[in-house]
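Colleague: Structure incoming, see below.
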Amino acid sequence: MKIEHIGLWTIDLERMKDFYEKYFSAKSNTLYHNPKKRFKSYFLTFESGSRLELMHREDIKRPNVESYGYAHLAMSVGDKTAVDNLVDKLESDGYMLVDGPRTTGDGYYEAVIEDPEGNLIELTAE
């Protein structure tokens with residue numbers, strides 16, 4: 001088995017699509033729109049084949065809160081230098097660095113940043 005995709009509710013669908021395309025080289029399909037359900041989405045495909053579905057509905061308004069459930073999305077971006085370089089780029093573009101870069105107690109080299117809507121992304125070295 002494999003995880004087919006992960007779905008993420010977004011406030012600004014276009015901004016989030018642009019973010020994942022720019023910083024993670026995701027490739028997007030064309031916008032899906034179901035007017036009856038007032039639902040829009042993009043599927044983003046990463047080089048590895050994994051996919052992220054960005055979804056939007058006007059009635060979804062609850063902000064991100066830390067609670068039980070999914071905590072972050074981990075993205076392997078290459079080696080330690082690739083992590084450091086991406087952190088530098090994201091920070092210089094105004095994105096929040098939450099933690100790191102550092103080597104964790106279990107041996108991962110990682111940094112944690114926020115995407116445009118505050119979702120946590122763990123940038124890891126292979």
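Colleague: Could you check the spin-label model distance between ILE11 and GLU114? Points 7 Å from the Cα along Cα→Cβ, value in nm.
Modeller: Distance between the two pseudo-spin positions: 1.0 nm.
Colleague: In the chain, what percent of the accessible surface is made up of carbon and sulfur (1.4 Å probe, ligands and nucleic acids excluded)?
Modeller: Carbon and sulfur atoms account for 51 percent of the accessible area of the chain.
Colleague: With each pseudo-label sitting 7 Å past Cα toward Cβ, what's the GLU4-ALA71 distance in nm, one decimal?
Modeller: 2.7 nm
Colleague: What list of ³J(HN,Hα) couplings, whole Hz, do you get for segment 75-81 from phi and the Karplus terms 6.51, -1.76, 1.60, once you set θ to phi - 60° and write x for glycine and proline?
Modeller: With the stated coefficients, segment 75-81 comes to 10, 7, 10, x, 8, 4, 4 Hz.
Colleague: Further question: Residue by residue through segment 31-38, what is 3J(HN,Hα) from phi via Karplus (6.51 cos²θ - 1.76 cosθ + 1.60, θ = phi - 60°)? Round to whole Hz and write x for glycine and proline.
Modeller: 4, 9, 9, 10, x, 4, 8, 6
Colleague: Report the relative contact order of the chain, percent, no decimals, based on alpha-carbon pairs under 8 angstrom and at least 6 residues apart.
Modeller: Reported as a whole number, the value is 23 percent.
Colleague: Then there is this: List the residues, sorted by chain then number, that are 5 or more residues from MET75 or on another chain and whose placed amide H is less than 5 Å from its amide H.
Modeller: GLU122, LEU123, THR124
Colleague: Could you state the angle between the C-alpha long axis of helix 13-24 and the longest principal axis of the C-alpha atoms of the chain, as a value from 0 to 90 degrees rounded to the nearest 10?
Modeller: Helix 13-24 and the main axis of the chain meet at about 30 degrees.
Colleague: Could you do me a favour and compute the accessible area per residue for the chain, 1.4 Å probe, result in Å²?
Modeller: Averaged over the residues of the chain, the accessible area is 67 Å².
Colleague: Let me know the number of lysine pairs in the chain closer than 28 Å at the Cα, not counting same-chain pairs under 8 apart.
Modeller: For the chain, the number of qualifying lysine pairs is 26.
The values are calculated or read from the model by the stated rules, or taken from the named source; none is laboratory data. On a predicted model such as this, the values are computed, not experimentally measured, just so you know. In this analysis, Cβ positions are derived from the backbone assuming ideal geometry, glycine residues included, and neighbour counts consider all displayed protein chains. These accessible areas exclude ligands, DNA and RNA; they are computed on the full protein's heavy atoms, side chains included. Shrake-Rupley method; radii C 1.70, N 1.55, O 1.52, S 1.80 Å.
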